[in-house]
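Presented below is the structure to which this report refers.
The values are calculated or read from the model by the stated rules, or taken from the named source; none is laboratory data. Just so we're clear, the structure is a prediction, and the values are computed from it rather than from any experiment. Because the Cβ atoms are built from the backbone with ideal geometry, glycine has one as well, and the counts that use them run over all protein chains shown. Side chains included, ligands, DNA and RNA excluded: accessible areas come from the protein's heavy atoms. Shrake-Rupley method; radii C 1.70, N 1.55, O 1.52, S 1.80 Å.
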Amino acid sequence: TDQIKLNISYSDRLIAIGLSDRQIGIDIEKIKLFKNLATIKTKFLTANEQRIADNLSDSSYWMTQLWTLKESYLKCSGLGISYNLSKLDFSNSISGHMEKVFSPDIIFQSITHDDKYVISSTLMRSS
């Protein structure tokens, strides 16, 4: 029998729920300035992502989108937060609404809600 997969994330009073017959991960975060940005960049970003962040006058939106994409992937894949995030490169994923095929088996989506939150999801094409 097919089982429905469920993934949940929340930020403030908003809840994002992902339901699918395939593995799914979802994350929602409020767009914000990241404290300790230099540490975050060196610890969690690839070299390409660091270069992009360094060239943005305001990296709040992009960093929030990047974080939610990486977290949704970790939740979907089951790798967990201990996985080295600097191995996941989303440097080609800058936009307000995006869909990216990371590999033939994985789809990423990211949208903005109310210009205050980023919601990203990861879906495996096969169950």
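Before moving on, here are some points about what is shown:
- Excluding ligands, DNA and RNA, the accessible surface per residue across the chain is 59 Å² with a 1.4 Å probe.
- Rounded, prolate or oblate (a/c below 1.5 giving rounded, otherwise prolate when a/b exceeds b/c) for the chain by Cα gyration tensor: prolate
- Protection proxy ranking of 63-70, 108-115, 76-83, 18-25, by the mean of other Cβ atoms within 10 Å over each peptide's residues and highest first, is 63-70, 18-25, 108-115, 76-83.
- Inter-part distance where the range 112-126 and the range 15-36 are each reduced to a Cα centre, Å: 6
- Charge context of Arg13, other residues only, Cβ under 14 angstrom, K/R +1, D/E -1: -1
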